[in-house]
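Only the coordinates and a few stated rules stand behind these numbers; no lab work does. Every value quoted in this text rests on a predicted model; they were computed, and no experiment measured them. Because the Cβ atoms are built from the backbone with ideal geometry, glycine has one as well, and the counts that use them run over all protein chains shown.
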């Protein structure tokens, strides 16, 4: 399983690896200081990239210990500093992959004439910065319905329980309505206050009205 993961990682790195060219010398420049240059003189690369120097004249690409030293560096931990030796127009030189250590800085110069091309006023030198991490993979957009699925997973709001008014009386009855049970339990004295039909009718008759015998008879019923 580990071997498979490593193999897939190497394939992914190879898929995104780039070939970056650096021009050695400028053939279109009018003066020597302009001709004696690396273009670009500062380059950022990712682990796994290929750095290719393209020569436009008699120059070298030689590793130096620090920028501005203009001398070839010494071997470090058994690693010999790279040196293209003198190459002519049309030739190329690929930087060894072993020197592209993640997070490192690689300084180089042209050693022609014992470093005269590197020193002022020519300043024919450059630097390569190797990033710590490999190139990022392409962004993968989330499915359009991803947000909807998250929202659907949220619990629905719980509705408030309906209030049971059955204890207060029949459904739909006013709050102050008298129920039949309450009427049956009412004391007898309360019914004495209810007007007799005839008395109520007499009370409502206008002044001067003469009562008929029929109304009197009905009142006595």
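Pop a pseudo-label 7 angstrom from the Cα along the beta-carbon direction at both residue 119 and residue 42 and give the gap in nm to one decimal.
Going from the residue 119 label point to the residue 42 one covers 2.5 nm.
Starting from the eigenvalues of the Cα gyration tensor, five times each then square-rooted, give me the equivalent ellipsoid semi-axes of region 17-130, largest first, whole Å.
Listed largest to smallest, the semi-axes of region 17-130 are 21, 16, 12 Å.
Residue separation times 0.36 nm, minus the C-alpha to C-alpha distance between residue 34 and residue 79: what's the value?
Details: separation 45, 0.36 × 45 = 16.20 nm, distance 3.27 nm.
Taking 0.36 nm per residue and subtracting the Cα distance, the gain is 12.9 nm.
How would you order 46-54, 87-95 from highest to lowest mean count of nearby Cβ atoms within 10 Å? Write down the numbers at each step before the final one.
Details: 46-54: 18.4, 87-95: 14.3.
Ranked by mean Cβ neighbours within 10 Å, highest first: 46-54, 87-95.
For labels at residue 50 and residue 94 in the simple 7 Å Cα→Cβ model, what's the distance in nm?
0.4 nm
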